[in-house]
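Here, each number is a calculation from the coordinates, and none is a lab measurement. Treat the numbers as computed from the prediction; the structure is a model and nothing was measured. Here Cβ is always computed from backbone atoms with ideal geometry, including for glycine, and neighbour counts include all displayed protein chains.
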């Protein structure tokens, strides 16, 4: 039987079940086998891997994961896909849960299916909700080895942007502080059904061995809150517990001028700034 990503088979399945795409859920199904293989290659999958997939869609990526990985746990928000997926994904190493990834008891779900073992996350994320999902996963405290996902190219470029770049932001600092981002294949709209209006990008985020750090996030957000202002003025305006004098002193200890802006500091420099600011 042809793979699900075959346009001919996919069209037959959609017509059989009279399926209508949901714009509200950002549904764009991947129909290119080469891109699917490159996603699994970037995730470095083998039969020892446990995978959490977020958003099965019609199942084209899920099928690839079931073939390459040891076990696949998928969370899909659209319950109307259930009869389709039951027919198209008859894999013994697959379990699908129909729920919202942002509302489900993810820790309980992972413990139930993967125990205390580490796992990888792979997803073709709806663009409108990419950042909240990735941030939630990074902060979850779960044993996540990596997150390999298809996202809007603009956001992916922001994740890997270096300090001083036009796309550099507090989100760039957050991603680079907590993960090691690596760009994969660039994906044109033509390999989706229906076609999105923007380009996509596969990216891998290898999680670093560090816990949550609310103070770090607060300082970074504060520093970037008013981009046209200097870091000193922006941070002092948003984090009142840090005086201008203390911020200037910390910057000087880092060899930085007091008129520096947040976009001219990388995540390592922000980590050092955090340490200095939190000294009582």
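The table below gives the values:
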{"quantity": "The chain: angle of helix 7-16 to the longest principal axis, Cα-based, in degrees nearest 10", "calculated": "70"}
{"quantity": "Computed over the stretch 7-207: relative contact order in percent, which uses C-alpha pairs under 8 Å that are six or more apart", "calculated": "21"}
{"quantity": "Distance (nanometres) between label positions extended 7 Å along Cα→Cβ at residue 229 and residue 3", "calculated": "5.3"}
{"quantity": "Net length gained if the chain between residue 266 and residue 82 were fully extended (0.36 nm per residue, minus Cα distance)", "calculated": "61.8 nm"}
{"quantity": "Mean residue ellipticity (222 nm) of the chain, computed from DSSP H runs ≥ 4 via -39,500 (n - 2.57), nearest 500", "calculated": "-11500 deg cm²/dmol"}
{"quantity": "Evaluated over the stretch 64-177, the Cα radius of gyration and Dmax, each in Å", "calculated": "15.9, 50"}
{"quantity": "Protection proxy ranking of 179-185, 156-162 - average other beta-carbon atoms within 10 Å, highest first", "calculated": "156-162, 179-185"}
{"quantity": "Zone of residue 47's modelled label, taken as backbone nitrogen in the stretch 77-100 under 19 Å from a point 7 Å along Cα→Cβ", "calculated": "90-95"}
{"quantity": "Calculated mean projected area of the Cα convex hull in nm² (choose from [x] 19.1; [y] 15.8; [z] 20.6), label", "calculated": "[y]"}
{"quantity": "Alpha carbon centroid spacing (whole Å) that separates the stretch 1-79 from the stretch 83-119", "calculated": "14"}
{"quantity": "Helix 130-139 vs. the chain, principal-axis angle (Cα, 0 to 90°, nearest 10)", "calculated": "70"}
{"quantity": "Label point distance in nm, residue 237-residue 183, each placed 7 Å from Cα along Cα→Cβ", "calculated": "3.2"}
{"quantity": "The chain - share of DSSP beta bridges that are antiparallel (%, nearest 5)", "calculated": "45"}
{"quantity": "Between the stretch 200-224 and the stretch 138-165, the alpha-carbon center distance in angstrom", "calculated": "9"}
{"quantity": "Extension gain (nm, one decimal) between residue 210 and residue 198, 0.36 nm per residue minus Cα-Cα", "calculated": "1.0 nm"}
{"quantity": "Inter-label distance for residue 91 and residue 143, nm, one decimal - labels placed 7 Å from Cα along Cα-to-Cβ", "calculated": "2.2"}
